[in-house]
Amino acid sequence: MFTLCIHYTIDPNKLADFRKYAEVEQAPIRRSGGQIVGYFLPTDYAGPTNEAYGLIGSAGLRAAAVPLASRQGEPHQLTG
């Protein structure tokens, strides 16, 4: 299994917006063959508060590119 790690720079005051974004993104990722491993958000007591990570699993390197390539041309879900 190959795991794609996506680094996000977020506004710590808009965690609810990021949560909504992460929920909306799961369906297209799964439709394109990706598996959501998880989203990891900042805490108030350790590390930077404006960084988050998303992990997407796939069968291999070629399959890992499919979720991202299939999203090209779709409107970006996160605004603000």
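The values are calculated or read from the model by the stated rules, or taken from the named source; none is laboratory data. Only a predicted model underlies this, so the values are computations on that prediction, with no experimental measurement involved. As a convention, Cβ positions derive from the backbone with ideal geometry for all residues, glycine included, and neighbour counts pool all protein chains shown.
At a glance:
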{"read-out": "Segment 43-59 residues that are of a type in the set (Gly, Ala, Ser) and in a strand (DSSP E or B), paired with ones that are surrounded by 10 or more Cβ atoms within 10 Å (Cβ to Cβ) and modelled with pLDDT under 85 (beta carbon under 6 Å, 6 or more apart)", "value": "57/1; 58/2; 58/64"}
{"read-out": "Residues of segment 31-43 that turn out to be among the hydroxyl-bearing types (Ser, Thr, Tyr) and crowded, with 17+ Cβ neighbours inside 10 Å, as a count", "value": "2"}
{"read-out": "Some residue of segment 47-66 being surrounded by 16 or more Cβ atoms within 10 Å (Cβ to Cβ), in contact with a helix residue (DSSP H, G or I) (Cβ under 8 Å, 6 or more places away or on another chain), modelled with pLDDT of 55 or more and over 18 Å from residue 8 (Cα atoms)", "value": "yes"}
{"read-out": "Residues of segment 1-20 satisfying the condition of being closer than 18 Å to residue 58 by Cβ and surrounded by 11 or more Cβ atoms within 10 Å (Cβ to Cβ)", "value": "2, 3, 4, 6"}
{"read-out": "Candidate set from segment 21-30 (those that are surrounded by fewer than 13 Cβ atoms within 10 Å (Cβ to Cβ) and either without any contact (Cβ under 8 Å) to a residue 24 or more places away in the chain or among the polar types (S, T, N, Q) (or both)); member that is farthest from residue 52 (Cα to Cα)", "value": "27"}
